[in-house]
Amino acid sequence: MPLKESEAIVLRTYPFRESDLLVTLFTRLEGKVRGVARAAKKSRRRFGGALEPLTYVKVAYEDRERQELTRLDACEVIESPLAQEVSYPRAIALGHVAELLDELLPDREANDAVFRLALSVLAQLRGQEFWLPITYFDLWMSRLMGYLPELSECLTCGRALNGSRAFFHALADGLMCPEHKRLASSEMSAESRNLAGQMLRAPLSTIEADASQKSGADLRKFLLQLLERNIDKKLVTRGMVEKLG
């Protein structure tokens, strides 16, 4: 079969056989693709630093008949997260983005909206600020995957929540008014709901908000509960993100 070429984001790599690497890529052409980089651990000439997680690359790969894994022929770095210092918080944030992409995206299904979202968030994660990019990414992944409920009305009665208190629960699919909140619910502040509305209307690079952990913390908790409930799996990076404060 002929070689395919695509922009891609490296999500994960694993040792495979003696000198190979098993690589998960989010390609612009075909969505999530899993392949083998032959002898990648022995020689760095063909791949260099292009297989580091969250590296934005141009990849050439070839599918083989009756083989699930594709063969990676070459990777060219377009943008690397290693071009800037990778602090511990930034490493956790990058890992969170990679985990969500890997867990939420099906194999071989192109999604240009998610690809553009990932690139925009990675661009904002080049510095030391990470709370707003993480929140923006979680919110938009929830929306693009079809999980995000209407945040302006009560899940139970449909009453508008504008100007009133709103609550959420780990087992509920949306927000609830004070009258219909469940036991052990958490409250989402009006500020966080306003922040969500702003994020859904504007590019991440244009949003001006408090960049501290406190800003949007309840929104992030709601989104992570929502994502975990829909994938029916605990996210490894959730606890790490929550401990960053």
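The values are calculated or read from the model by the stated rules, or taken from the named source; none is laboratory data. On a predicted model such as this, the values are computed, not experimentally measured, just so you know. Neighbour counts run over all protein chains shown; Cβ positions are idealised from the backbone, glycine included. Heavy atoms of the whole protein, side chains included, go into the accessibility calculation; ligands, DNA and RNA do not. Shrake-Rupley method; radii C 1.70, N 1.55, O 1.52, S 1.80 Å.
For the range 16-30, the candidate set comprises residues that are touching a Leu at 6+ places or on another chain (Cβ under 7 Å) and either assigned to a loop (DSSP other than H, G, I, E, B) or at pLDDT 90 or above (or both); within that set, the residue that is farthest from Asp107 (Cα to Cα) is Leu21. Scanning the range 202-235 for residues that are touching a Phe, Trp or Tyr at 6+ places or on another chain (Cβ under 6 Å), at pLDDT 90 or above and open to solvent by 30 Å² or more (accessible area, probe 1.4 Å) yields a count of 1. Hey, does the range 110-124 have a residue that's open to solvent by less than 60 Å² (accessible area, probe 1.4 Å) and within 20 Å of Ser189 (Cβ to Cβ)? Scanning the range 110-124, I find no residue that is open to solvent by less than 60 Å² (accessible area, probe 1.4 Å) and within 20 Å of Ser189 (Cβ to Cβ), so the answer is no. Contact map, the range 115-126: first residue more than 11 Å from Val97 (Cα to Cα), second residue open to solvent by less than 10 Å² (accessible area, probe 1.4 Å), Cβ cut-off under 7 Å, separation 6 or more or different chains; pairs are Phe115/Phe26; Gln124/Pro133. Of the residues making up the range 126-146, those that are under 12 Å from the mean Cα position of the chain (by Cα) and under 19 Å from Thr55 (Cα atoms) are Pro133, Ile134, Phe137.
When you check Val33 against the structure, is it assigned to a strand (DSSP E or B), open to solvent by less than 90 Å² (accessible area, probe 1.4 Å) and of a type in the set (Val, Ile, Thr), yes or no? Answer is yes for this residue. Filter the range 58-82 for residues that are out of contact with any strand residue (DSSP E or B) (no Cβ under 7 Å at 6 or more places or on another chain) and touching a residue at least 40 places away in the same chain (Cβ under 8 Å); which is least open to solvent (accessible area, probe 1.4 Å)? Result: Pro81. Scan the range 125-135 residue by residue and report those that are polar (S, T, N, Q) and open to solvent by 20 Å² or more (accessible area, probe 1.4 Å). Matches in the range 125-135: Gln128 only. Restricting attention to the range 153-185, the residues that are in a loop (DSSP other than H, G, I, E, B) and surrounded by fewer than 13 Cβ atoms within 10 Å (Cβ to Cβ) total 9.
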